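Student: Take this structure, written in structure tokens, and hold onto it; I'll ask about it next.
The values are calculated or read from the model by the stated rules, or taken from the named source; none is laboratory data. Fair warning: this is a prediction, and the values are worked out from it, not measured in the lab. Backbone-built Cβ (ideal geometry, glycine too); neighbour counts: all protein chains shown. Keep in mind that these areas ignore ligands, DNA and RNA; they rest on the heavy atoms of the full protein, side chains included. Shrake-Rupley method; radii C 1.70, N 1.55, O 1.52, S 1.80 Å.
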Amino acid sequence: MSPVTNNSRARDKADVQQRDVAFARSAPTYGRWISWILVLVIAADFLWLVATNPNFEWNVVLQWFTEGSVMKGLQVTLGLTVVSMILGTLLGLLLGVWRLSDNKLLSGLSSLYIWFFRGTPLLVQLIFWYNLSTLFPTISITIPWTDITFASWNTNDLITPLTAAIAGLALNEAAYMAEIIRAGLLSVDNGQVETTQAFGMSRSRALRRVIIPQAMRSIIPPTGNQLISMIKATSLVSVIAMGDLLYSVQAVYNRTFEIIPMLMVAVIWYLFITSILNVGQSAIERYYARGTTRTVVNKRRVAANEAAPAVAHRLKEDV
């Protein structure tokens, strides 16, 4: 075998490797590494600045972080969030289904509700519910346009800061959840609805067994955002003297004048709670996305496996 032939075969092998995608390499990403380094340097500098700034008074933050009044306020915040979110979601589900109904009365009532509660600020709604006794000193169950009264209550006994907060948060949340649920229901292919009708399912059973489970994939992400927003929206109830987390830290710094460190206590707790909720939301999204997510495959490995027989055959011919 001549040296010329050997050199030709070597060049052919090199040419095969050069054209084979199994041996492809991505271009260097120097820009990405430089951007990472710049971001990390800026973040480290900012964290160091915050950590070493004496005006934050981190010793005061640590002192009050788990103090009794702060923890009670945190419990109120979490309780308001859970109760208001459950009530708002249930009412929003009803309103969302009504919005899609062929019944013009139900559809109109749902649209009117959503228009009103989405069109007025939540803070205004909370103050309105808290001062409801100004408009209606008593709340009664009567027959309209008669003097027949079945029951009557003093409005101030019914509308406490707690009930005003729950009513304001839940009714406002229901308007947003109605639109989220409506969008989720519309995301389900119309063929699914036709299939349930072909099987003779009632509207309620079709929603419960087929449509809503499939719509959850579109409903969960915005619902998670609404839950996180609800955690922060509970801070508004401090204006009606409801002892939530923000109200608790305000009560402290009104006595001690340590405004910044007490606000940092509230900020850290809010960030901690929302971080946990983000993790839970991601887990629920993965659960409902089963069977629909695309599996990321190592394309280089697949290409190498596909090209291997051809490369082996070429090498055998050269030998």
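Student: Pairs under 6 Å by beta carbon, first residue open to solvent by less than 40 Å² (accessible area, probe 1.4 Å) in segment 101-124, partner assigned to a loop (DSSP other than H, G, I, E, B), six or more apart or different chains?
Tutor: Here the result reads SER107/SER101, each pair linking segment 101-124 to a residue that is assigned to a loop (DSSP other than H, G, I, E, B).
Student: Looking at segment 159-201, which of the residues that are open to solvent by 70 Å² or more (accessible area, probe 1.4 Å) and assigned to a helix (DSSP H, G or I) is farthest from LEU245 (Cα to Cα)?
Tutor: ALA198
Student: Another question about this same structure. (1) within 30 Å of LEU78 (Cβ to Cβ); (2) modelled with pLDDT under 75: which one isn't true of VAL296, the others all being true?
Tutor: Every listed condition holds for VAL296 apart from (1).
Student: Given the residues ILE220, ILE211, which is the only one that is open to solvent by less than 50 Å² (accessible area, probe 1.4 Å), in a helix (DSSP H, G or I) and touching an Asp or Glu at 6+ places or on another chain (Cβ under 7 Å)?
Tutor: ILE220
Student: With the requirement that a residue be assigned to a helix (DSSP H, G or I) and within 16 Å of ALA183 (Cα to Cα), what does segment 96-114 give you?
Tutor: Within segment 96-114, GLY96, VAL97, TRP98, ARG99, SER107, SER110, SER111, ILE114 qualify.
Student: Mind counting the residues in segment 157-201 that are among the aliphatic types (A, V, I, L, M) and within 17 Å of the chain's Cα centre (by Cα)?
Tutor: Within segment 157-201, residues that are among the aliphatic types (A, V, I, L, M) and within 17 Å of the chain's Cα centre (by Cα) number 9.
Student: Between LEU74, LEU80, LEU93, which is open to solvent by 40 Å² or more (accessible area, probe 1.4 Å), under 30 Å from TYR176 (Cα atoms) and in contact (Cβ under 8 Å) with a residue 40 or more places away in the chain?
Tutor: Unique residue meeting the criteria: LEU93.
Student: In segment 219-271, what residues are closer than 19 Å to GLY92 by Cβ and touching a residue at least 60 places away in the same chain (Cβ under 8 Å)?
Tutor: Scanning segment 219-271 gives ILE220, PRO221, THR223, GLY224, GLN226, LEU227, MET230, ILE231, ALA233, THR234.
Student: Then there's this: Looking at (1) in contact with a Ser or Thr (Cβ under 6 Å, 6 or more places away or on another chain); (2) of a type outside the set (S, T, N, Q); (3) free of Cβ contacts under 8 Å to residues at least 24 places away in the same chain, which is the only condition PRO144 fails?
Tutor: (1)
Student: Out of all the residues in segment 229-243, which are over 17 Å from LYS72 (Cβ atoms) and surrounded by fewer than 18 Cβ atoms within 10 Å (Cβ to Cβ)?
Tutor: Passing the criteria: SER229, LYS232, VAL239.
Student: Which of the residues that make up segment 134-157 are assigned to a helix (DSSP H, G or I) and either among the small types (Gly, Ala, Ser) or surrounded by 14 or more Cβ atoms within 10 Å (Cβ to Cβ) (or both)?
Tutor: THR155
Student: What residue, among those in segment 83-109 that are over 24 Å from the mean Cα position of the chain (by Cα) and hydroxyl-bearing (Ser, Thr, Tyr), is farthest from ALA206 (Cα to Cα)?
Tutor: SER107
Student: Evaluate segment 252-262: report whether one residue or more is of a type outside the set (A, V, I, L, M) and within 18 Å of VAL82 (Cβ to Cβ).
Tutor: no
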